[in-house]
Amino acid sequence: MTEPLKRPSKKNPQKRTVLPTLPPHARSRKALAFTAAAAEGVLKLQQCAACTHITYPPREICPKCWSMDLSWVPVSEGGELVSETTLRTSINTHFRERMPWRIGTVQLDAGPSVLAHVHGDVEAYSRVRVIARTDKSGQGVMMALPEKETPNMADDRQLRALTCDPKFRRVLITDGRTELGQAMARALADAGASIVFVGIAEAWRPYAGSAELAGIPGVEIMPLDITDTISVEELAGEIGGKTDILINTAEYVRPGGAMERDGVVTARDEMEINYFGLMRLIQAFGPGMKFRGADGDNSACAWVNLLSVYALSNWAAFGTTSASQAAAYSLSQCLRGELAGSGVKVMNVLFGPLDESWRQPLPPPKVTPKRLARTVVESLQQGLENVTLGPVAEDVVRRFREDPMVLERELTQIQLG
Amino acid sequence: MSQKHTRRRTSYDGIVVTVPVSVAYERYSPEPAHWWLGRALSKLGESADIGAGDIDGLCASSFTLFPDTAVGLSQHFGLTPRWLDHIPTGGASGVIALRRAARAVQSGDANVVACIAGDTNHVDSFRSMLTSFSRFSQDASYPYGSGGPNGSFALMTRDYMNTYDVTREDFGKLCVAQRKNALNFPTALMKSPLSLEQYLDARRISDPITLYDCVMPCAGAEGYLVMSEDRARELRLPFARVLSTIERHNAFPDDAVQIRGGWALDKDEFWDMAGVAPCDIDLLQTYDDYPVVIAMQFEDLGFCEKGTAGEFIRANTFTTDGSFPHNTSGGQLSVGQAGAAGGYLGIVEAIRQLTGGAADNAVAGAKLAAVAGFGMINFDRGLCSAAAILAGEDA
């Protein structure tokens, strides 16, 4: 049974911070498709189009029929642990610091036998559920979990290395003025975050839900205006060394395309918050988080960007907002590249129309702020990096992956009705 | 893996192996692999009293020779061979080199082939070798704790012990016997006796594997010559004949965990070709990085039934002075694992035993030796298996 995680004690400032080291990150290009699926929490293996054989490790050719037509498909997570060992030495520095480490061979129901990390609650030779996740190096790996939930399962040391569980971590929510920011604060507090810092710009201006927000246990209201470099730097100076998860809830959304606008004032406001705001946060909080990727049970672990799915492909109805979201999405990838090697994951949540005032005329289905908050918490607990939320977003992402050029045509067609 | 179209194989009549040389191993060496391979070659020259002009075939194996291969060695060593091979099969390279070289000599493509294997061991060599060992290991095994071979063999050992009647004491007996043999082998890196208690109480490495199940990576080199019997007589070199050989790669790919090696596919042909039976063998050299693989070789080569290695171990001593002499120099477990030279250790020792070159650890009256090789954990299992039966000159 997993020992419940103990609340981390206050950090001794005289002690040296343990620097992030990484599990092996080198992979073949083929294996990156496994990683891409793992970043979404999906276990995908290669399947031969000609003979349906499922193969692993990643190959260029089907070993059964020599077809070159292998594609990545989601497979059953079921399997059986057929052998296991607990490593007590490793030649890799990252693992050496974390011994003992349990691994095993799993015969997947899908066919292949695979190596996987093994959860402490898995019994010898039992049925397991094999999940695919990204590890601290950002590469996809498999882990065998007990088939059924066990007590304190998420606290398993090896599983927690793959997840970004908010339990006992300190979270910064960058904008608490909105229903979204407040729902996020409540969800993180409920998930066991030890502190939820909530940024509020221009605190003298009243806002709905302020009293309830301040009343959530663990919430600390902090002055933060992400359009103001000094404000962002001042807050980073105060809490940057203990921000384990940063969730950027700030957004600026206005309907309309470029032609409908007079000048660039609105577009500038959009960029100021959606793009430059993110950049200010990265510059102020990024280095500290990057340094603290291996800093104990409450290490820095995740940076969450909430983005409109139209960041992928512009929708003229919210044309300039889409453009600023696209800029933010691109910058988020830059951030992922810059945090590579730190063990801090960048999670992008692409969501469909949010149920809030600036998107009021849009028809359902919409994503409620509460639902978005819950999804962020669950995705952190699962250690995901790419999340798509809501039927609209799922639809757009699916079309985008099928053919981004066709999606571009679909989104720029003459709108009927 | 159908055998039905296999034609009857030509024998190795008239082909011999000779001049076994070992370059004393060192735990760490600042010298490059080229030095170790070069020293093996120069020892071959000294021992046979021949020079570059007499060697027209070169076969080399090494993990640490980068950026060179056997090609670069020809120029480095001042050889102008008309036959060249570079064999990347690790622990199976010694037997596989013999197969290749024997056919080259038999067909007249070469007269004298120098077979050499060697590796250096710098302080960080082993780690960097494992980091980029193979694509499959890079993608699918190294990221899981980076235990290297310890982890892979632990998984095999666990499964084997779970399936068959074999105990830690049985595996320990093999390691203890090899250490006893090594005490008579002057260049073994392990020089102190090992008791079963020490084996059982040793530091855990990767359950159920403990310290004395593991080989110690080191620097070293091995070599031998392949030539015609006539040539060996001209040069007055004591030699051994080649009675049969087998090799196999990626056998039983659908076994979830490796519990047998490719020998099991080829063992009938192996004994038929030699015209001898397992009970005729005077000494066996197995590939021994981890005792579980030794057990598989006992079974899969036919020295005992599958699943009965435990019983077989309990029934023999495996020492040079006892029953079923095995890994008579101490094997890699006690001599050290010098990279690809580990794949040559057994064959070189077998030639020594059959040519009167094994001094204090000689097996009395040894005439027939079997040698097996095993190599390359490409992902989760050893892909290469090989074996040979050698006979002394008068056998």
Got a sec? Which of B:L211, B:L196, B:L225 is more than 14 Å from chain A (Cβ to nearest Cβ), surrounded by fewer than 22 Cβ atoms within 10 Å (Cβ to Cβ) and among the aliphatic types (A, V, I, L, M)?
B:L196
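Being within 7 Å of another protein chain (Cβ to nearest Cβ) and either surrounded by fewer than 17 Cβ atoms within 10 Å (Cβ to Cβ) or more than 18 Å from B:S125 (Cα to Cα) (or both) is the filter here, so list the residues in region A:86-103 that pass it. Before the answer, list the steps.
Of region A:86-103, the ones within 7 Å of another protein chain (Cβ to nearest Cβ) are A:86-92, A:95, A:101, A:103.
Result: A:T86, A:L87, A:R88, A:F95, A:W101, A:I103.
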Flagged in region A:70-85 as touching a Leu at 6+ places or on another chain (Cβ under 6 Å) and either more than 8 Å from chain B (Cβ to nearest Cβ) or over 18 Å from A:V122 (Cα atoms) (or both), in numbering order, are A:V75, A:E77, A:G79
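Can you go through B:D119, B:D68, B:D49 and tell me which one is crowded, with 20+ Cβ neighbours inside 10 Å, among the charged types (D, E, K, R) and farther than 30 Å from A:G138 by Cβ?
After applying the criteria, what remains is B:D119.
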Restricting region A:104-128 to residues that are at the interface with chain B (Cβ under 8 Å from one of its Cβ atoms) and over 21 Å from A:N152 (Cα atoms), the one farthest from the chain's Cα centre (by Cα) turns out to be A:Y125
Conditions (1) away from every other protein chain (no Cβ under 12 Å); (2) surrounded by 15 or more Cβ atoms within 10 Å (Cβ to Cβ); (3) of a type in the set (G, A, S); number of the one not met by A:S67:
(2)
Which condition from (1) within 14 Å of chain B (Cβ to nearest Cβ); (2) buried (at least 19 other Cβ atoms within 10 Å of the Cβ); (3) not β-branched (V, I, T) is the one that A:Q47 breaks?
(1)
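Table: residues versus (1) without any contact (Cβ under 8 Å) to a residue 40 or more places away in the chain; (2) assigned by TED's automatic domain parsing to the domain that holds B:A362; (3) assigned to a helix (DSSP H, G or I); (4) buried (at least 24 other Cβ atoms within 10 Å of the Cβ).
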site	(1), (2), (3), (4)
B:I259	no, yes, no, no
B:A264	no, yes, yes, no
B:D272	yes, yes, yes, no
B:L284	no, yes, no, yes
B:F298	yes, yes, yes, yes
B:G302	yes, yes, no, no
Looking at (1) within 20 Å of A:T105 (Cβ to Cβ); (2) touching a Phe, Trp or Tyr at 6+ places or on another chain (Cβ under 9 Å); (3) modelled with pLDDT of 95 or more, can you tell me which one B:L155 breaks?
(2)
Hits in region B:56-72 (condition: within 23 Å of B:L237 (Cβ to Cβ) and without any contact (Cβ under 8 Å) to a residue 60 or more places away in the chain)
B:D56, B:L58, B:C59, B:A60
Pick from B:V105, B:V19: which is in a strand (DSSP E or B), in contact (Cβ under 8 Å) with a residue 24 or more places away in the chain and of a type outside the set (D, E)?
B:V19
If A:C334 satisfies every condition in (1) hydrophobic (A, V, I, L, M, F, W, C); (2) closer than 21 Å to A:T134 by Cβ; (3) modelled with pLDDT under 95 but one, which is the exception?
(3)
Determine whether B:A97 is surrounded by 24 or more Cβ atoms within 10 Å (Cβ to Cβ) and either more than 10 Å from every other protein chain (Cβ to nearest Cβ) or out of contact with any strand residue (DSSP E or B) (no Cβ under 7 Å at 6 or more places or on another chain) (or both).
yes
Search region B:138-152 for residues being part of a helix (DSSP H, G or I) and in contact with a Gly (Cβ under 9 Å, 6 or more places away or on another chain), and hand back the single one that is surrounded by the fewest Cβ atoms within 10 Å (Cβ to Cβ).
B:S152
Being surrounded by fewer than 21 Cβ atoms within 10 Å (Cβ to Cβ), among the hydrophobic types (A, V, I, L, M, F, W, C) and part of a helix (DSSP H, G or I) narrows it down to one residue among A:I273, A:I282, A:I239; which is it?
A:I239
Which condition from (1) surrounded by fewer than 17 Cβ atoms within 10 Å (Cβ to Cβ); (2) within 14 Å of chain A (Cβ to nearest Cβ) is the one that B:D230 breaks?
(2)
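So how many residues does region B:238-250 have that are over 14 Å from A:P63 (Cβ atoms) and either part of a loop (DSSP other than H, G, I, E, B) or not hydrophobic (A, V, I, L, M, F, W, C) (or both)?
Looking only at region B:238-250, we keep the residues that are over 14 Å from A:P63 (Cβ atoms), and these are B:238-248.
Retained after the next criterion (residues that are either part of a loop (DSSP other than H, G, I, E, B) or not hydrophobic (A, V, I, L, M, F, W, C) (or both)): B:238, B:241, B:244-245, B:247-248.
Of the residues in region B:238-250, 6 are over 14 Å from A:P63 (Cβ atoms) and either part of a loop (DSSP other than H, G, I, E, B) or not hydrophobic (A, V, I, L, M, F, W, C) (or both).
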Under the condition of being buried (at least 19 other Cβ atoms within 10 Å of the Cβ) and of a type outside the set (A, V, I, L, M), which residue from region A:104-116 is farthest from A:A49 (Cα to Cα)?
A:G104
Only residues that are farther than 19 Å from A:R98 by Cβ and either assigned by TED's automatic domain parsing to the domain that holds A:L145 or basic (K, R) (or both): list them for region A:1-27, please.
A:R7, A:K10, A:K11, A:R27
Go through region A:18-41 residue by residue and tally those that are surrounded by 18 or more Cβ atoms within 10 Å (Cβ to Cβ), of a type outside the set (K, R) and either facing chain B (nearest Cβ under 10 Å) or under 20 Å from A:G293 (Cβ atoms) (or both).
10
A:S231 fails exactly one of (1) over 20 Å from A:M347 (Cβ atoms); (2) assigned to a strand (DSSP E or B), namely (2)
Taking region B:360-394 as the search range and keeping residues that are surrounded by fewer than 24 Cβ atoms within 10 Å (Cβ to Cβ) and of a type in the set (S, T, N, Q), which one is farthest from the other protein chains (Cβ to nearest Cβ)?
B:N361
With respect to the numbered conditions (1) of a type in the set (V, I, T); (2) within 25 Å of A:L411 (Cβ to Cβ); (3) surrounded by 23 or more Cβ atoms within 10 Å (Cβ to Cβ), which one is the sole condition not fulfilled by A:V304?
(2)
Can you find even one residue in region B:65-82 that is out of contact with any Gly (no Cβ under 6 Å at 6 or more places or on another chain), closer than 30 Å to A:T93 by Cβ, within 14 Å of chain A (Cβ to nearest Cβ) and aliphatic (A, V, I, L, M)?
no
What tally of residues in region A:234-260 results from selecting those that are within 15 Å of A:A328 (Cα to Cα) and touching a Lys or Arg at 6+ places or on another chain (Cβ under 8 Å)?
1
Residue check, B:T163 buried (at least 24 other Cβ atoms within 10 Å of the Cβ), over 18 Å from B:C218 (Cα atoms), among the hydroxyl-bearing types (S, T, Y) and more than 7 Å from chain A (Cβ to nearest Cβ):
no
For region A:345-365, enumerate the residues that are out of contact with any Asp or Glu (no Cβ under 7 Å at 6 or more places or on another chain), crowded, with 22+ Cβ neighbours inside 10 Å and touching a residue at least 60 places away in the same chain (Cβ under 8 Å).
A:L354
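The values are calculated or read from the model by the stated rules, or taken from the named source; none is laboratory data. None of the values given here were measured: they were computed from a predicted structure. Neighbour counts run over all protein chains shown; Cβ positions are idealised from the backbone, glycine included.
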